[in-house]
Amino acid sequence: MEKLRIGVIGAGSMGRNHVRILSAEKGNFVFVGFFDADQARAEEVSRQFSATAFPSVEALMERVDAVTIAAPSASHKALALAACRHGLHALVEKPLALTLADAEEISDAFSSAGRVLAVGHVERFNPVVTELCKLVQHEKVLALEVRRYSPYNSRITDADVVQDLMIHDIDLVCGVLIPERLQRVCTVGSAVASGKLDFVQSLMAFENGTTACLGASRVTESKVREIVVHTDRSYLIADLLARSLSVLRNTNLVIDEGKQSAYRQDSVTQKIFVPMVEPLRMELMDFIDCIESGRKPAANGLAACRAIGIAETVIGQATGRIAQGGAV
């Protein structure tokens, strides 16, 4: 059986990491090379990772069976559909597209062609999230608080903070942590530096009574990636940057009961072991495994479309184009 041939489109901040991992990883695939429209950057990445830089997207697509697309979000639709026309499998970085209509067109095209479409919701592969999901599956989740804050970076110009950052947490909350129908959404937001939404807070209510508060900022002078979960039995704090997970549980334990030194311990804190794995590597290897095994990716086109649909509601409310509340 011939090895899968894979290439990367886009070698910017995220695409460079795709090239780094695929050029170093050994497995049942061959990393053929990459394309980037910036020739100077392409030459730099080529030297850094000893990778072949192709002169055009077409030249790369003619030599591979699959691509990862890490180009700017505004180009995702055209590149993904071109890959589909070439009969390729594709992993497209998030968001799959900047509008739900475009995302659905991409998803439908790959489904009709019988090709694997994975979407780069890389937090699904964060080991902290994996362990968090194991802990909450046997508890009743009452509420979640999610914070994703970053300092301002002028590099991203085609997406607002919901499409760029909050989309991760919409996918995690609505697609993984709370697999219930979303009933109501109420959102506020503001444009601060980019001319687009830079700071957004959204309160979501689900059919089972669970609530989630999502905050995203790209104008906060601290990088924060945190999920807090309130359950009927515990309080969990997941730090996605520090790769730490803590669980606080009520014990009502009395120490030295009956003695003068007796005291009550209301809660204990448990530190959960989190494996040290790189989420992007796990995501890329999962994409390759889905191609080889015929398994459907968890972060597939349908999941991405659901996240984008909710994101459009959040953006519409934050900009005043959509009324607050209502089913999603």
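For the stretch 50-109, enumerate the residues that are under 21 Å from Val19 (Cβ atoms) and of a type in the set (D, E, K, R).
Glu58, Glu62, Arg63, Asp65, Glu93, Lys94 - these are the residues of the stretch 50-109 that are under 21 Å from Val19 (Cβ atoms) and of a type in the set (D, E, K, R).
Of all residues in the stretch 124-160, how many are closer than 21 Å to Asp198 by Cα and either in contact with an Asp or Glu (Cβ under 7 Å, 6 or more places away or on another chain) or in a helix (DSSP H, G or I) (or both)?
From the stretch 124-160, those closer than 21 Å to Asp198 by Cα are 145-160; that's our starting set.
In the following step, the residues that additionally are either in contact with an Asp or Glu (Cβ under 7 Å, 6 or more places away or on another chain) or in a helix (DSSP H, G or I) (or both) were identified as 146-148, 151, 156.
Result for the stretch 124-160: 5.
Which one is surrounded by the most Cβ atoms within 10 Å (Cβ to Cβ), of the residues in the stretch 27-44 that are part of a strand (DSSP E or B) and touching a helix residue (DSSP H, G or I) at 6+ places or on another chain (Cβ under 9 Å)?
Phe34
Looking at the stretch 51-100, which of the residues that are more than 20 Å from Ile167 (Cα to Cα) and among the acidic types (Asp, Glu) is surrounded by the most Cβ atoms within 10 Å (Cβ to Cβ)? Break it down into steps so the answer makes sense when it comes.
Filtering the stretch 51-100 down to residues more than 20 Å from Ile167 (Cα to Cα) leaves 51-67, 78-79, 81-89.
When the remaining residues are screened for being among the acidic types (Asp, Glu), the result is 58, 62, 65.
Values: Glu58: 12, Glu62: 10, Asp65: 20.
Of everything passing the filter in the stretch 51-100, Asp65 is surrounded by the most Cβ atoms within 10 Å (Cβ to Cβ).
Right, Glu145: surrounded by fewer than 18 Cβ atoms within 10 Å (Cβ to Cβ), under 22 Å from Ile272 (Cβ atoms), in contact with a Ser or Thr (Cβ under 8 Å, 6 or more places away or on another chain) and not assigned by TED's automatic domain parsing to the domain that holds Thr68 or not?
Here the answer is no, as Glu145 does not meet what is asked.
Looking at (1) crowded, with 18+ Cβ neighbours inside 10 Å; (2) assigned to a loop (DSSP other than H, G, I, E, B); (3) of a type outside the set (Lys, Arg), which is the only condition Gln163 fails?
Only one criterion in (1) crowded, with 18+ Cβ neighbours inside 10 Å; (2) assigned to a loop (DSSP other than H, G, I, E, B); (3) of a type outside the set (Lys, Arg) is unmet by Gln163, namely (2).
Checking the condition among the charged types (D, E, K, R) and assigned by TED's automatic domain parsing to the domain that holds Leu240, which residue from Lys94, Lys134 passes?
That would be Lys134, the only listed residue that is among the charged types (D, E, K, R) and assigned by TED's automatic domain parsing to the domain that holds Leu240.
Could you list, ordered by first residue, the pairs with Cβ atoms under 6 Å in which the first is in the stretch 283-307 and β-branched (Val, Ile, Thr) and the second is part of a loop (DSSP other than H, G, I, E, B), at least 6 apart or interchain?
Ile291/Val116
When the stretch 248-272 is examined, which residues are found to be modelled with pLDDT of 75 or more and out of contact with any Asp or Glu (no Cβ under 8 Å at 6 or more places or on another chain)?
Those that are modelled with pLDDT of 75 or more and out of contact with any Asp or Glu (no Cβ under 8 Å at 6 or more places or on another chain): Leu248, Arg249, Val268, Thr269, Gln270, Lys271.
The values are calculated or read from the model by the stated rules, or taken from the named source; none is laboratory data. Small disclaimer: the values here were computed from a predicted structure and weren't measured. Don't worry about glycine lacking a Cβ; one is built from the backbone with ideal geometry, like all the others, and counts go over all protein chains shown.
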